[in-house]
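S.K.: Got a structure for you, written out below as C-alpha cells; questions coming shortly.
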Amino acid sequence: MASKVSAFADAGPEVTPASAAPVICVQNLVHRYENRTALNGVSFDVRPAELFGLLGPNGSGKTTLFRILSTLMIPSAGRATIMGCDAAQEPARVRRQIGVVFQAQSVDLKLTAYENLWHQGHLYGLRGAALKRRIFEILSRVGLADRAKELVETFSGGMQRRIELAKGLLHHPGVLLLDEPSTGLDPGARRDLWQYLQMLRDEEHVSVLVTTHLMEEAERCDRLAIMNEGNLVALGTPEELKSEIGGDVVLLHAAHDAGVLAERIRARFHAETTVLENQVRIEREGAHRFVTEVVEAFPGEIEALSVSKPALEDVFIRRTGHKFWSEKNEAESNSEDHRR
Ligand code: ADP
C-alpha cells in the first residue's frame, strides 16, 4: 500500500531542509526519439513537501520528463527514482506512490463526481465503506462534497479539474505529478488550483511536481528547474534565480538596427548587451540614470524603452541568450499541434 499521508495533519507550512532525503531523484536523464534528443542529461532532486516547478517553453522536454516520472516511458539513459523506487525498473511500486494529473481530461463526464472516484478507487484496490469515506473526505478537500451526486458534465472547467485532482489524490500518494494543470482554466480557477496545491503541501505534506510554461505559475513554486531544448538551464528558488541578475533590466527598442545600437552602447558605456530581435537588453545598477544617458547619447536611435526589476524571463534569457517565447519554439509548438 502507498505510504499513507495523514489527511488532516497539523496545518502550517514547514521549511524542508535541503539535506532531507529527496522524494524524486532525476539523475542524468537522457531521452531520444529516433534522431531527436528530447532530454540531454537532466539531473535534479525534489524534496519532501516541496512544490516544485518544471518551467520551459514548448519543446524543452517537460512532457518527456513527466512521462518518464509517471512510468509511461523508459528513458534512453539515466535514472529517475520516486521514494526510492526506480521508475523504469519498478513501475508498479512507483505507481502506488504517485498521483498523476494529465493535461488531457480523464474524468468521465457522463458519471457523477462520486462515481468517477468510486471507479478510480477500485483501480487502486479500495473498496466498501473505507472507499466511500475517502471519497467524501477528498471531495470536501477540493470543495465539492455537496456536488458528489451530480454529473461531472454539469461542472465548470475549474470544478472538473478539481475532480481530476481528487482522482489523483484518492489513494493517498506521497507525490503528485501534474502536467500543465491550469491549461484551459480561467484566472479564478487557476488561482483556486494553486491554493489547493499549496494546501496539499502545507497540510498533507505531499510533494508536488508541476510542469508549466507560465512564468506567473513558476513564481508560486518553492523551487524551479528551468528547461531549454532538453537541458536544465537553471535550478533554485524563484528569488535565488532572480537575484543572480545584478540591478535592473533595461530594454531598448531600436529605431534601426539593434545589433549596431548594441555595439555602440557597449563601446560607449562598457555595458554588456544582448540583442533580442529588435531590442537591446542590458542588466544595470542605477538603471534610471543610465537610460537618461543612453537616450541623450543616441538621439533618434531609440524608439521606446523600459526599466524593470528582474523576472524569471530574465533568468531564462541570461542562461540561454534568447527569449522564452522565440519564433523557433512557437514553430515547434505549431508543428506539434499538428502531430497530436
Ligand atoms: P515540452 O513538453 O516541453 O513541450 P516535449 O517533451 O513534448 O517538450 O518535447 C521535447 C522534444 O521532443 C521536442 O523537440 C519534441 O518535438 C520532441 N518530441 C516529443 N514527443 C515526440 C515523439 N513522440 N516523437 C518524436 N519527437 C518527439
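The values are calculated or read from the model by the stated rules, or taken from the named source; none is laboratory data. As the structure is a computational prediction, the values presented were derived from the model and not from experiment. Cβ atoms come from the backbone with ideal geometry, glycine included; neighbour counts cover every protein chain shown.
S.K.: Name the pairs whose Cβ atoms lie under 6 Å apart, with the first residue in the stretch 61-72 and more than 10 Å from residue 179 (Cα to Cα) and in contact (Cβ under 8 Å) with a residue 40 or more places away in the chain, the second in a loop (DSSP other than H, G, I, E, B) and near the ligand (Cβ under 7 Å from one of its atoms), and 6 or more positions between them or separate chains?
M.R.: From residues that are more than 10 Å from residue 179 (Cα to Cα) and in contact (Cβ under 8 Å) with a residue 40 or more places away in the chain, the pairs are 61/230.
S.K.: While we're here: If only one of 79, 93, 47 is touching a Cys at 6+ places or on another chain (Cβ under 6 Å), in the same structural domain as residue 227 (by TED's automatic domain parsing), surrounded by fewer than 22 Cβ atoms within 10 Å (Cβ to Cβ) and closer than 26 Å to residue 201 by Cα, which one is it?
M.R.: Within the list 79, 93, 47, the selection yields 93.
S.K.: For the stretch 243-266, name all the residues that are small (Gly, Ala, Ser) and in a strand (DSSP E or B).
M.R.: Of everything in the stretch 243-266, just one residue is small (Gly, Ala, Ser) and in a strand (DSSP E or B), namely 254.
S.K.: Looking at residue 201 and the list (1) in a loop (DSSP other than H, G, I, E, B); (2) in contact with an Asp or Glu (Cβ under 9 Å, 6 or more places away or on another chain), which single condition is not satisfied?
M.R.: (1)
S.K.: Residues 164, 216, 203: which one is assigned by TED's automatic domain parsing to the domain that holds residue 115, under 25 Å from residue 95 (Cβ atoms) and surrounded by fewer than 20 Cβ atoms within 10 Å (Cβ to Cβ)?
M.R.: 203
S.K.: Residue 132: crowded, with 17+ Cβ neighbours inside 10 Å, of a type in the set (D, E, K, R), in the same structural domain as residue 65 (by TED's automatic domain parsing) and at negative phi, yes or no?
M.R.: In short, no.
S.K.: Something else about it: Name the residues in the stretch 211-250 that are in contact with a Leu (Cβ under 9 Å, 6 or more places away or on another chain), of a type outside the set (D, E, K, R) and more than 25 Å from residue 59 (Cβ to Cβ), would you?
M.R.: Those that are in contact with a Leu (Cβ under 9 Å, 6 or more places away or on another chain), of a type outside the set (D, E, K, R) and more than 25 Å from residue 59 (Cβ to Cβ): 237, 250.
S.K.: Can you tell me which residue is nearest to the chain's Cα centre (by Cα) among those in the stretch 214-242 that are within 13 Å of the ligand (Cβ to nearest atom) and not in a strand (DSSP E or B)?
M.R.: The residue in question is 214.
S.K.: Kindly list, by first and then second residue, each pair from a residue in the stretch 298-321 that is on the phi > 0 side of the Ramachandran plot and without any contact (Cβ under 8 Å) to a residue 40 or more places away in the chain to a residue that is in a strand (DSSP E or B) and of a type outside the set (Asp, Glu), limited to pairs with Cβ atoms under 8 Å and residues at least 6 apart or on different chains.
M.R.: none
S.K.: Would you be able to say whether some residue in the stretch 111-125 is away from the ligand (no atom under 16 Å from the Cβ), in contact (Cβ under 8 Å) with a residue 60 or more places away in the chain and crowded, with 21+ Cβ neighbours inside 10 Å?
M.R.: no
S.K.: For the stretch 238-265, give me each residue that is farther than 20 Å from residue 288 by Cα and crowded, with 16+ Cβ neighbours inside 10 Å.
M.R.: Hits for the stretch 238-265 are 238, 241, 258.
S.K.: On to the next question. Within the stretch 53-71, track down each residue that is among the β-branched types (Val, Ile, Thr) and near the ligand (Cβ under 6 Å from one of its atoms).
M.R.: 63, 64
S.K.: Can you tell me which of 229, 283, 244, 277 is at pLDDT 95 or above and under 18 Å from residue 324 (Cβ atoms)?
M.R.: 229
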